[in-house]
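Have a look at the structure below before the remarks.
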Amino acid sequence: TTLEAILYSSLHPKPAGLVLQYGTAGFRTNAKQLDHVMFRMGLLATLRSKKTEATIGVMVTASHNPEEDNGVKLVDPMGEMVTPTWEGYATQLANAEQEDLLAALKDVIEKEAINMSQEANVFVGKDTRSSSASLSQAVLDGVSALGGHSKDYGLVTTPQLHYMVCCQNTQGKYGEATVEGYYKKLCQAFIHPLHLGVFASNCTDDQKHLSVDGANGIGALKVREMESHLKKELHISLFNDGSKGKLNHQCGADFVKVQQNAPTGIKINPGERGCSFDGDADRIVYYYIDSEGQFHLLDGDKIATLISTFLKELLTQAALDLKIAVVQTAYANGSSTHYLEDTMKVIVRCTKTGVKHLHHAAQEFDIGVYFEANGHGTVLFSKAAEEKIQQLAENPGADDERKRAALLLQNTVNVINQTVGDAISDMLLIEAILAIKGMTIQQWDAIYSDLPNRQLKVKVSDRRVIDTTDAERRAVSPAGLQEAIDSLVKKYRQARSFVRPSGTEDVVRVYAEAETQESADDLAHEVSLAVY
Ligand code: 16G
Ligand code: ZN
């Protein structure tokens, strides 16, 4: 058959012996090793589309990794991460030697009882890496090898591609499946309350200014594209826009979070707000520099707190009985968890690292706010919650406060990208909240004080010997490790520490927090010695 002819041709051959794993972030490694993986993910996405009878997404990106790397991720019909069984198929397909590829493919077709005459549709997107053009072409080749239809969105952020897939499969109910449609929906929801004058009276023009570090990546391009839709309600100064610097090099959300320092290439005056996107714009962190020149980071935990506080106030004002929860990981700063539970009285859940775990847990509530400390997160509204908000917004009654709250809730639903964490969408929601509350970044930062913390990575011969439980907060193997950590933690005040094998790098990660920076540093160091 033609299929066999294509599969056996020298198009996108696999280097013999190369083994890769579909991990937390899909496949991710040096771009030179990925051509065959991309072709095969095109094949797999086509099968997934036939199986689900829906459009599937394929995103070519390696997010915050160096420019030389690349990666690929599949997007399921509602814009969510692909289901675990299919992650397994992805690994099998990627690692089948050339002569076994057809059999591996047939195995998936058989196991999933796929009707090969079913139509298939695949949306493809890519980031700005120099390798992304040819790698996304390999994905498209894979789709057409199995007779699927594809739509190439070209340069888009990861969350934009997730959004397109969701729009397409909900027949436009979520929005229009175009980049223009995305800007229109988000920006309208951002501007609407501001034009109605619901923002705080002390919100001056100065307050509308924001410096954005685009990490020299796709997010910078897309902020430029969006600017005209903002109708001057937000004045963005864009830095690291890709015109000079290298992708993610000394800049971007991951750099800022890990270094706890401002990115190079950005200029912000003391007290002004800045934010950094990562290389595919699915993460965002905020920061400012105080009058003493001290850098202050507002990470995913601070963002989750700001958003959940805002939503909880609105629910009270709107007299809507909806259950709100915040989902975090073990990396969440202990102060944030305490504040949310003890002061805010919201439900807090902790899951394993990785977006799919947080997303899943957040779906269990009327309103689920989820953020990783690294700045990846969003808000999920259940169908019932959306309907209640919608009804109230259409029929708010005479009470002005209730009317205002209903409108703000409705705009929040529309501004947030519910498919996945989205730097652009999160930025618009945060900026709207600050404007509406008349809040400065210092006031936001002062909601609670972070415990000093330290992250380290340790190279070990085999990171898989470390096994964890309790959402990665406790080690169950190797024997004795958890006991060693426990006794080290006891030496410090307000201390906490855990270790976990990375899902994206061949290292073990160590996290420690304590009352002082010195204690956090010492504890992290001591725990890393216990890992060897
Ligand atoms: C991936 C995950 C991110 C997680 C990170 C942890 C997705 C889309 N991304 O980037 O959520 O924080 O991996 O990396 O799930 P690590 O396992 O190397 O610490
Ligand atoms: Zn990313």
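The values are calculated or read from the model by the stated rules, or taken from the named source; none is laboratory data. The structure presented is a predicted model; accordingly, all values stated were derived computationally and were not measured. A quick note on method: Cβ atoms are made from the backbone with ideal geometry, for glycine too, and the neighbour counts reach across all protein chains shown.
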### Task
Name the residue, out of GLY142, GLY181, that is of a type in the set (Gly, Ala, Ser), touching a Phe, Trp or Tyr at 6+ places or on another chain (Cβ under 8 Å) and away from ligand 2 (no atom under 16 Å from the Cβ).
GLY142
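Assess whether ASP321 counts as being assigned to a helix (DSSP H, G or I), more than 16 Å from ligand 1 (Cβ to nearest atom) and more than 30 Å from GLY26 (Cα to Cα).
On the way: assigned to a helix (DSSP H, G or I): no; more than 16 Å from ligand 1 (Cβ to nearest atom): yes; more than 30 Å from GLY26 (Cα to Cα): yes.
Spelling it out, it is not the case that ASP321 is assigned to a helix (DSSP H, G or I), more than 16 Å from ligand 1 (Cβ to nearest atom) and more than 30 Å from GLY26 (Cα to Cα).
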### First in region 44-64 and assigned to a helix (DSSP H, G or I), second anywhere and β-branched (Val, Ile, Thr) and within 16 Å of ligand 2 (Cβ to nearest atom), Cβ under 6 Å, 6 or more apart
ALA45/VAL58
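Can you confirm whether THR52 is away from ligand 1 (no atom under 12 Å from the Cβ), polar (S, T, N, Q) and under 21 Å from VAL165 (Cβ atoms)? Step through it out loud before you land on a result.
Numbers: away from ligand 1 (no atom under 12 Å from the Cβ): yes; polar (S, T, N, Q): yes; under 21 Å from VAL165 (Cβ atoms): yes.
Here the answer is yes, as THR52 does meet what is asked.
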#### Entry: Selection within region 2-35 - at pLDDT below 90 and of a type in the set (Ser, Thr, Tyr)
THR2, TYR8, SER9, SER10, THR24
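Residues being over 21 Å from LYS173 (Cβ atoms) and either within 16 Å of ligand 2 (Cβ to nearest atom) or buried (at least 24 other Cβ atoms within 10 Å of the Cβ) (or both): count how many of those fall in region 401-423.
Of the residues in region 401-423, 4 are over 21 Å from LYS173 (Cβ atoms) and either within 16 Å of ligand 2 (Cβ to nearest atom) or buried (at least 24 other Cβ atoms within 10 Å of the Cβ) (or both).
Yes/no matrix, rows are residues, columns are (1) in a helix (DSSP H, G or I); (2) buried (at least 22 other Cβ atoms within 10 Å of the Cβ):
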| residue | (1), (2) |
| --- | --- |
| GLU99 | yes, no |
| VAL108 | yes, no |
| GLN118 | no, no |
| VAL124 | no, yes |
| SER136 | yes, yes |
| VAL143 | yes, yes |
| GLY147 | no, no |
| LEU161 | yes, yes |
| LYS184 | yes, no |
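State whether the residues of region 348-361 include one that is away from ligand 1 (no atom under 16 Å from the Cβ), over 16 Å from the mean Cα position of the chain (by Cα) and charged (D, E, K, R). Don't jump to the end; show me each part of the working.
Just the residues of region 348-361 that are away from ligand 1 (no atom under 16 Å from the Cβ), to begin with: 348.
Restricting the remaining residues to those that are over 16 Å from the mean Cα position of the chain (by Cα) gives 348.
Checking which are charged (D, E, K, R) leaves us with none.
So far as region 348-361 goes, no, none of its residues is away from ligand 1 (no atom under 16 Å from the Cβ), over 16 Å from the mean Cα position of the chain (by Cα) and charged (D, E, K, R).
For region 234-286, name all the residues that are assigned to a strand (DSSP E or B) and in contact (Cβ under 8 Å) with a residue 60 or more places away in the chain. Talk me through it step by step, then tell me what you get.
At the first step, the residues of region 234-286 found to be assigned to a strand (DSSP E or B) are 235-239, 274-277, 284-286.
GLY274, CYS275, SER276, PHE277, ILE284, VAL285, TYR286, listed by residue number.
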#### Entry: Complete set of residues in region 333-348 that are in a loop (DSSP other than H, G, I, E, B) and either surrounded by fewer than 22 Cβ atoms within 10 Å (Cβ to Cβ) or in the same structural domain as ARG474 (by TED's automatic domain parsing) (or both)
MET344, LYS345, VAL346
